[in-house]
Structures are given as C-alpha cells and as structure tokens.
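Report on one structure; see the data block that follows.
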C-alpha cells in the first residue's frame, strides 16, 4: 500500500500513469490538485453551489473512467477542464436558461481589495451599492450571456487562463476566443452600465 | 469607439469580484474522498451487473420490453399483421386445395371369389346374400358437411363419416 502523502510531490504525468493503471490514491492526488479550479469554473457558469458540486464530481468521475482514452496530446489539466466545461454547458442547455441562484459568500478578503472598494466608494458615481448587491448584479449579467461567451469571460477574466489555453479547452481557434471575449465584455458592459463608468 | 480603444478596465475589476466567491469553509477537505468513494462504489457495482448479462435470454428479452415499450408495441402489431395475412392467404388457397383433394379415385373392389388375395379375416367373404362385408370405402371423406353452426364446413379438409357396415348386395 502506497502512502498517500508520497504522491504530493509527484509529477502530473506520473500520477496520470498510475491512475490509468487503477491507482485511486494517485487519482485522489490529481483531484486535490484541480478540485478548486474545476469547481470554481463550473460554479461561475451555473451560479449555483449545489449544481457546481454535482457537476464537478461527475466531471472527475467521468475523467477517471475515460483516462484510458487520454492520449496525452494535451496536458491532463486541459483535458480535465474540457470534460468539466462540456459537462457544465450540457447541463445548462438541459436547464434551458432557468437559473436558480445559489451564490457562495464573498470571502473576508473582498473588503480589503482596494480595486473593489474603489468600485463601491462614494467617490465613484454608481454607487451606493454594497458588495453583495454588486455580486448579485454581476451574476445576473453573466447569466444573460450565451454559454460559450460566458465560458470565455470566466476562463479569461475570472480564472486567468490564456487565449491559447481557452482555445484548447473549448476546441476552437484563438481568433474565436478573442472575438467571443470582446463581444461578451461589450454585452456585460451594457448590462452593468449602471455600475460601471463608461471608458 | 473601436476594439482597441475599449479596455474594459472597470469591468475587469468588477469581474475580479467573482474570485472572492468561495464555497463554505471545509468544503474541499472531503471533496476528493467523496469522488474516490463514488468511483469505488461504481467499480463494486460492475461485478453485480455481470450476472444480469448471463441471465436467460427470455429474462433479457422481457427486460428490453420494460425498457422500451415501443418495441413491444411494434412487435405485437407485426404479429397481428402476420396473423391477418396468414388468414387471408389461407382463404385464397382453400378452393384449390379442395378441388385437388376431392378428386375421387375409384378403388377396385376386391373379388370375393379370390380368397387367396384376402389376408385379413375381417374381410372374409360371407355366405352369398347374407353377412356383413366391409366396404373398402375410405372412412374419411372430403365432402362438405354441416358444422356446428349449420353451414357447410368448407374450411376443414377432412371430416369423419361412420364406416358403412351395410349388408352386401350381391
């Protein structure tokens, strides 16, 4: 029996090889490495904690079952993201734009973020809105976007992925990613005009 | 305002708010364990599914019907169609069959004088003018007879008639 802690420092490729052979402890380590990012991506897409929990778990289980088909052409991380993104988009299509919000709380660091504080300070025009109200309005605006546009904004502006990584995950070219990102931002700017100074 | 002029600075800042939305404290501490448990449960289920695959074909056949009610509907409809076609085909082919089967072939009467040719004691010749002589007429007849409903039974090919034991008239 391998000690679970011995997997902590292992390379991703080694863990994937072991997991492909049925080593669940190796896969457990892979889950731990990516659980927060995968969960967050799905949560931002659905704006619902319970749905995000279910879809993230399904994505990790599906990835384990499909590990034998993973050729290694892209990184495991990108491949896993692709599974999660497809799961989230399929889920949202089935739900047909009926949004049930179940938003997570903002962490205590929010109030210490100077950029965000600047957004709600009295010096700026919009804005007597508190952070919680802003959070709600932002989520509502995001949910008005189509799934591919929302996904691009979340992966780029929230998760911080590069255009190339997003193109790989969404199986499209970089030009498509850029145009979707521009269009999505423009849409959001319109939806949130009340809260954002015009550039 | 063109693409390059629009930097969406404030929007990007606003979107950073999303990074501060976090699940309840301790949520991830058990997350991977739940996934591994589900994977193990799924693997444990697989052997229990295999006997189902070895189940008798009739069981699997009925299970298929349970799963797909449309299949049983289609199958039942095609069976009914086959039955109707069979009945129509039988109706059309009966006259030919009757004509063919009602051709009577004269059976040669055995010569009572030729005793050597009669092997059965039941067919032994009676004294002249008296006695019972078995007629070699076949017991079955192809002639139509009235059925239970009083109509000639054209449907059946064979009817049984009582054997004739009338006194032979020489």
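Every number in this text was worked out from the coordinates using simple rules, so none of it is lab data. Predicted model, so just to flag it, every value in this text is computed and none were measured. Cβ atoms come from the backbone with ideal geometry, glycine included; neighbour counts cover every protein chain shown.
The table that follows gives values for the structure above.
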{"quantity": "Per-residue average of Cβ from other chains inside 10 Å of A:102-108", "calculated": "4"}
{"quantity": "Principal-axis tilt of helix A:76-95 within chain A, Cα atoms, nearest 10 degrees", "calculated": "60"}
{"quantity": "For chain A: rounded, prolate or oblate by the Cα gyration tensor [a/c cutoff 1.5]", "calculated": "prolate"}
{"quantity": "Helix A:24-46 axis, angle to chain A major axis (alpha carbon atoms, nearest 10°)", "calculated": "20"}
{"quantity": "Crossing angle, helix A:131-143 versus chain A [Cα axis fit, 0-90 degrees, rounded to tens]", "calculated": "70"}
{"quantity": "Number of partner chain Cβ atoms within 10 Å, mean per residue of A:31-37", "calculated": "4"}
{"quantity": "Shielding by other protein chains, A:83-91, mean Cβ within 10 Å", "calculated": "0"}
{"quantity": "The stretch A:1-100 - percent relative contact order, Cα under 8 Å, separation 6 or more", "calculated": "27"}
{"quantity": "Proportion of all alpha-carbon pairs of the stretch A:102-199 beyond 22 Å (%)", "calculated": "37"}
{"quantity": "The stretch A:102-199: relative contact order as a whole-number percent, Cα under 8 Å and 6+ apart", "calculated": "26"}
{"quantity": "For chain A, calculated [θ]222 nm from helices alone, where every DSSP H run of n ≥ 4 adds -39500 (n - 2.57)", "calculated": "-19500 deg cm²/dmol"}
{"quantity": "Euclidean distance between Cα centres, the stretch A:165-183 to the stretch A:6-46, Å", "calculated": "25"}
{"quantity": "Mean separation of Cα contacts under 8 Å (6+ apart) over length of chain A, as relative contact order %", "calculated": "19"}
{"quantity": "Three principal axis lengths of the stretch A:1-100 [C-alpha, angstrom, descending]", "calculated": "46, 26, 18"}
{"quantity": "Packing rank of B:18-30, A:35-47, A:164-176, B:71-83, where each peptide gets the mean count of other beta carbons within 10 Å, highest leading", "calculated": "A:35-47, A:164-176, B:18-30, B:71-83"}
